[in-house]
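Chemist: Structure incoming, see below.
Every number here is computed from the coordinates shown, using simple stated rules; none is lab data. Just so it is clear, the model here is predicted, and its values are computed rather than measured. All Cβ positions, glycine included, derive from the backbone under ideal geometry; neighbour counts span all protein chains shown.
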Amino acid sequence: MNNRENINSIENMNSMYAIDPATAKQLKDNWGWYLALGIMLNVVGTAAIIFAFASTIFSVIYLGSMLVILGVFEAVQSFKIHPLSRCILHFILSTICAITGLYLIFYPAINALSLTLLLAFFFVATGILRIIFSVTGHTPHRFWLLINGIITLILGLLIWHQWPVSGLWVIGMFLGIDMIFMGWNWIMLSLSLKDAKVE
């Protein structure tokens, strides 16, 4: 490949990803990791659909654990805040965060119902944003991102419609589906990076 062809390849990569040549080369060199991430998301998403109830309960417990960790961390940090009034307020907020997390951990089935409704709002908002990004952005394989956004939006509306009857399984199933579509998005991105000519 001569110098002119190298320049054209780099310019094509830049126009596709809207990034500088060094970053484009770095992305291409790591395309295998993105492919592995996509495959892993597909595997985990499929498992989440097959074991929808277990993945729903696990998701609630996981969220509760993250809130407890965040609450404890924030509580420790609150003692470094001055003046005392702000320290107390920060400590109260972190305590509420930790208590909420513990409540999610100890009562995952009950909280799955309320989280189902929150998940519906999340999917609707995420779906709309993905659709907007696919239409207005310069993302490669925008068609896949558009399909991802449409499916995510539909899933959010379905969750909303079925709530609260299917609250114990719908979280795991829909999260699994969303992970599968995100996995394919990463796979398509990795394949486009693999075929791109950057030197």
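Chemist: Over what distance in Å are the Cα centres of region 146-188 and region 53-77 separated?
Modeler: The distance from the Cα centre of region 146-188 to that of region 53-77 comes to 22 Å.
Chemist: Work out the FRET efficiency for V72 and Y107 from their Cβ-Cβ distance, taking R0 = 22 Å, and round it to the nearest 0.05.
Modeler: Numbers: r = 20 Å, r/R0 = 0.90.
Between V72 and Y107 the formula returns 0.65.
Chemist: Just to check, using Stokes-Einstein with a Kirkwood Rh over alpha carbon pairs, what's the diffusion coefficient of region 31-195 at 10 °C and 1.306 mPa s in µm²/s?
Modeler: Roughly 90 µm²/s, to the nearest whole number.
Chemist: Points 7 angstrom from Cα along the Cβ direction at S65 and T100: gap in nanometres?
Modeler: 2.0 nm
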